[in-house]
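**Q** The structure's right below; bear with me while I get my questions together.
The values are calculated or read from the model by the stated rules, or taken from the named source; none is laboratory data. Just so you know, these numbers come straight off a predicted model, no measurement behind them. Ligands, DNA and RNA are stripped out before the accessible areas are found, and what is left, the full protein with its side chains, is counted by its heavy atoms. Shrake-Rupley method; radii C 1.70, N 1.55, O 1.52, S 1.80 Å.
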Amino acid sequence: MSDEASAATKPRQDTALYVHYCEYPGCAKWGGFGFAAGKDEPRWFCFEHRPEWKGC
C-alpha cells in the first residue's frame, strides 16, 4: 500500500460529527467511550457507565 496520492484516491470529505448517547438503560448522557468485542458494532457509554475491563 502506498501513501502517495493518486487520481484513484481522494481525501475524505466527511464533515459531520457522530453523536453517540450512552446505551445504559435510562441514561441520556453523551457516550464518549465505545467498546466492541471482535467485529461487533461498538456499544457507547458515558464516563459513569463505561464497562470496566478486567485482565489488563
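**Q** Test of understanding: what is the full-extension gain from ARG12 to ALA37, defined as 0.36 nm times their sequence separation minus their Cα-Cα distance? It would help to have the intermediate numbers written out before the result.
**A** On the way: separation 25, 0.36 × 25 = 9.00 nm, distance 2.68 nm.
The ARG12-ALA37 span can extend by a further 6.3 nm.
**Q** Let me ask something else. Work out how much length LYS29 to PHE47 would gain on full extension: take 0.36 nm times their residue separation and subtract the Cα-Cα distance, in nm to one decimal.
**A** Full extension of this stretch gives 5.6 nm more.
**Q** With a 1.4 Å probe and all protein chains kept in place, how do LYS29, LYS10, LYS39 rank by accessible area, largest first?
**A** Numbers: LYS29 100, LYS10 180, LYS39 205 Å².
Ranked list, largest accessible area first: LYS39, LYS10, LYS29.
**Q** On the full set of protein chains, 1.4 Å probe, figure out the accessible area of ASP40 and give it in Å² to the nearest 10.
**A** Rounded to the nearest 10, that gives 100 Å².
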